[in-house]
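The values are calculated or read from the model by the stated rules, or taken from the named source; none is laboratory data. The model shown is predicted, which means the values in this text are computed figures rather than measured ones. Heads up, the Cβs are rebuilt from the backbone with ideal geometry, glycines too, and the neighbour counts pull from every protein chain shown. These accessible areas exclude ligands, DNA and RNA; they are computed on the full protein's heavy atoms, side chains included. Shrake-Rupley method; radii C 1.70, N 1.55, O 1.52, S 1.80 Å.
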Amino acid sequence: MGQGAPLSERAAATTRRTLLAAAGAAAGTALLAGCGRDTPEAGTRPLAGGWVGASQDRGHRLRETVAALPEPAVTHRTAVLVAGGGIAGLAAARALGQHGIDDFALLELEDRPGGNARGHVLGGIGCPLGAHYLPLPAPEAREVSEWLHEIGLLRTEAGREVADERHLCHSPQERLFVDGQWVEGLLPPVAPGSRLHAQLGRFAARVNALAKTAQGGRAFALPAARSPWGAVHAALDAGTFAAWLAREGFDDPALLAYLDYCCRDDYGAGLAVVSAWAGVHYFACRHGFAAPGENDHERDAVFTWPEGNGWLVERLAAPLGARVHTGRTVLAVAEQRHGVEVLAWDEARGRAERWQAAAAVVALPLHAAARVVRPAAPALRDALREAAAAVPHAPWLVANLLLDRPPLDRPGAAPAWDSVIARPVGASGLGYVDAQHQSLRPDARSSRPTVLTAYHALPAAERAALATPDWQPWAERVLADLSTAHPDLRARVQRVELVRWGHAMAVPVPGLVRHPALAALRGAGGRIRFAHADLAGYSVFEEAFTLGHAAGAAIARAGVQAPTAAKR
């Protein structure tokens, strides 16, 4: 998940950025009835499972209570209040501590921090609820690199940055199911001299040329705010990726299916929705794009764990200790003459509580922040309202499937960490990751139970349906999608636990990445600072962490102290 799930990889590598080609042909591949040993059992045993993860009731409480705020039962005072415990909020809290501020509190809606990067346990096996990997950071993501050094994932040897290989994704990293078989990586054979081969080469040349249009050769940076911005960027951001591809003459169905998959994987929406800037940035912010046969780059490495980015969340949250207050629904944030007052609902005690602070970091999604935050400056209130209206969010479905043993495989490549089924443009399914892939046990991928985590980036039109209490139709949809490659999957499943993310990630539509309202919120200099990946116009770990760190550091540099009762 693009939370989620940020990664720019090349077509020549066995990575998630390689080609999802021949998707149209794969769409017609029929499920062969009776191929698996256990197929007759399918459908005879009712599914066990249900919804887990984010609480819809708490989110709806925010929406329904704002109009009539309850009277607080207790008042707390702290120097800095952080609203929101996702990656941005946790990074802001860490920055406060780094700059010598220990008197702060973080309020988180759910019972555990982490947002859509939280981990989970199913059948004793760790698995993700959302984002599940982190690429090696780009040079511009300085704060992320610093933290990875701090926790031991990166180290410097002889002037070079070296990753701890124990936490890098094991090989084989990815595979693609196409034309009835698995192939290693996500690149099926591409015939030299074919139309697809020619368009891949031309696409690589075009993207890599755009990546070097800035002085110094870094025209697309991650975080995006550290990119240069000129006429080329503005032109790309003015229209959709699909329109740009058409103008450039890229029309091969397999290439378009791959690019659509890339956009859904990182942005939650397809090439007909996201901007051309976003489509190019996907590749250009790291190592560009390599056509088949080009081996001039090493493949992009990624960190991953059975619980996904929940591993990172634990290491961000643990040092904060009791300053993290979970089960708190933030209902109002008001900037006042002498500080900031926050009203929150304590879910465990069933009561409202007032928090008074000298300053606050609002690390909430924009659609939530616009409901609850009241900055003092009218211009900032207008910017918040405009930004919330401008940023669309993609709904996601994440399904963790507990299996009694790995499912039967079709011919071809061996099981990998990430398995993708080739689909046509517009398909919601993005494949699955295997929680046991990182295990060093020799039998982990042969006979022992495992958890497969499947991802679906849904169209906005399905958001309302995702809110239904009936989880079984969604579980059956996931099983039907994956059964194309694993006909015995239904018989292997012991339990299905699903997570619905109604507003999983910001979608970088045309005109969004440099929207003036987002810039105004990023640059806000009052007692309230904003920090969330939404402010970047798209949702990846590096953006959230960098924005959170910047907000926390800015408040610390301004100097704060806890308010007194006389300043209420």
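For H60, the criteria (1) outside any loop (DSSP other than H, G, I, E, B); (2) modelled with pLDDT of 50 or more; (3) over 15 Å from A344 (Cα atoms); (4) out of contact with any strand residue (DSSP E or B) (no Cβ under 6 Å at 6 or more places or on another chain) hold in every case but one, which is (3). For the stretch 446-559, the strands (runs of 3 or more DSSP E) that sit wholly inside it and include 1 or more residues that are touching a Ser or Thr at 6+ places or on another chain (Cβ under 7 Å) are 450-457, 493-506. Apart from one condition, D481 fits all of (1) buried (at least 19 other Cβ atoms within 10 Å of the Cβ); (2) in contact with a helix residue (DSSP H, G or I) (Cβ under 7 Å, 6 or more places away or on another chain); the exception is (2). Close contacts from the stretch 553-568, counting a first residue that is under 9 Å from Q356 (Cα atoms) and a second that is modelled with pLDDT of 85 or more and of a type in the set (V, I, T), with Cβ to Cβ under 9 Å and a gap of 6+ residues or different chains, come to A562/T78; A562/V80; P563/T78; P563/V340; R568/T75.
Looking at the stretch 417-430 only, could you name the residues that are surrounded by fewer than 23 Cβ atoms within 10 Å (Cβ to Cβ) and among the small types (G, A, S)? If the condition is that a residue be surrounded by fewer than 23 Cβ atoms within 10 Å (Cβ to Cβ) and among the small types (G, A, S), then G426, A427, S428, G429 are the ones that fit. Any residue that is open to solvent by less than 50 Å² (accessible area, probe 1.4 Å), at pLDDT 80 or above, in a loop (DSSP other than H, G, I, E, B) and within 16 Å of A368 (Cβ to Cβ) - is there at least one of those in the stretch 86-95? Within the stretch 86-95 (the criterion being open to solvent by less than 50 Å² (accessible area, probe 1.4 Å), at pLDDT 80 or above, in a loop (DSSP other than H, G, I, E, B) and within 16 Å of A368 (Cβ to Cβ)), the answer is yes, since at least one residue qualifies. The set of residues from the stretch 140-182 being open to solvent by 50 Å² or more (accessible area, probe 1.4 Å) and under 20 Å from A95 (Cβ atoms) comprises R142, E146, H149, E150. Scanning the stretch 371-389 for residues that are small (G, A, S) and either open to solvent by less than 10 Å² (accessible area, probe 1.4 Å) or not in a helix (DSSP H, G or I) (or both) yields A376, A377, A383, A387.
Of all residues in the stretch 211-265 being β-branched (V, I, T) and open to solvent by 50 Å² or more (accessible area, probe 1.4 Å), which is nearest to G288 (Cα to Cα)?
In this case the residue turns out to be T213.
Within the stretch 131-138, not a single residue is over 18 Å from the mean Cα position of the chain (by Cα) and surrounded by fewer than 24 Cβ atoms within 10 Å (Cβ to Cβ). Per the listing L236, L176, L153, the residue uniquely closer than 28 Å to G270 by Cα, under 25 Å from the mean Cα position of the chain (by Cα) and at pLDDT 95 or above is L236. Only one of these is open to solvent by 30 Å² or more (accessible area, probe 1.4 Å), part of a loop (DSSP other than H, G, I, E, B) and at pLDDT below 95: A21, A25, A67. Name it. On inspection, the qualifying residue turns out to be A67.
One line per residue, one yes/no per condition, for (1) of a type in the set (S, T, Y); (2) on the phi < 0 side of the Ramachandran plot; (3) touching a helix residue (DSSP H, G or I) at 6+ places or on another chain (Cβ under 8 Å):
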| site | (1), (2), (3) |
| --- | --- |
| T75 | yes, yes, no |
| L81 | no, yes, no |
| R94 | no, yes, yes |
| Q98 | no, yes, yes |
| F104 | no, yes, yes |
| L107 | no, yes, no |
| H120 | no, yes, yes |
| G124 | no, no, no |
| L129 | no, yes, yes |
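The condition of being assigned to a helix (DSSP H, G or I), more than 29 Å from the chain's Cα centre (by Cα) and more than 23 Å from L134 (Cα to Cα) does not hold for L210.
Annotation note: of P459, P508, the sole residue that is surrounded by fewer than 23 Cβ atoms within 10 Å (Cβ to Cβ) and under 25 Å from A427 (Cβ atoms) is P459.
Okay, residues lined up against (1) farther than 28 Å from F541 by Cα; (2) surrounded by fewer than 24 Cβ atoms within 10 Å (Cβ to Cβ):
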| position | (1), (2) |
| --- | --- |
| G308 | no, no |
| T326 | no, yes |
| H338 | yes, yes |
| E341 | yes, yes |
| A344 | no, no |
| R351 | yes, yes |
| A359 | no, no |
| A369 | no, no |
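Taking the condition modelled with pLDDT of 95 or more, open to solvent by 10 Å² or more (accessible area, probe 1.4 Å) and over 18 Å from the mean Cα position of the chain (by Cα), does A517 pass? No: the conditions fail for A517.
Six or more apart or on different chains, Cβ under 9 Å: which pairs go from a residue in the stretch 462-476 that's without any contact (Cβ under 8 Å) to a residue 60 or more places away in the chain and among the aliphatic types (A, V, I, L, M) to one that's assigned to a helix (DSSP H, G or I) and surrounded by 11 or more Cβ atoms within 10 Å (Cβ to Cβ)? Could you list them? Cβ pairs passing all conditions: A465/W474. If you go through the stretch 276-302 and keep only what is modelled with pLDDT of 85 or more and surrounded by fewer than 21 Cβ atoms within 10 Å (Cβ to Cβ), you end up with just A301. Selection over the stretch 322-343 of residues that are touching a Lys or Arg at 6+ places or on another chain (Cβ under 6 Å) and of a type in the set (G, A, S) gives a count of 1.
Residue count for the stretch 184-210 satisfying the condition of being open to solvent by 10 Å² or more (accessible area, probe 1.4 Å) and among the β-branched types (V, I, T): 1. Looking across the stretch 184-207, the residues that are assigned to a loop (DSSP other than H, G, I, E, B) and either at pLDDT 90 or above or on the phi > 0 side of the Ramachandran plot (or both) come down to G185, P192, G193, S194. For the stretch 392-416, a residue qualifies if it is open to solvent by 10 Å² or more (accessible area, probe 1.4 Å) and part of a loop (DSSP other than H, G, I, E, B), and the qualifying residues are P392, D404, R405, P406, P407, L408, D409, R410, P411, A413, A414, P415.
Among the residues of the stretch 228-286, write down those that are of a type in the set (F, W, Y) and not in a helix (DSSP H, G or I). If the condition is that a residue be of a type in the set (F, W, Y) and not in a helix (DSSP H, G or I), then W229, F250 are the ones that fit. Take the conditions open to solvent by less than 40 Å² (accessible area, probe 1.4 Å) and at pLDDT below 95 and apply them to A524. Does it pass? Judged against the criteria, A524 is a match. Within the stretch 129-172, the residues that satisfy the criterion of being of a type in the set (A, V, I, L, M) and assigned to a loop (DSSP other than H, G, I, E, B) are L129, A131, L136, A138, A141, I151, L153, A158.
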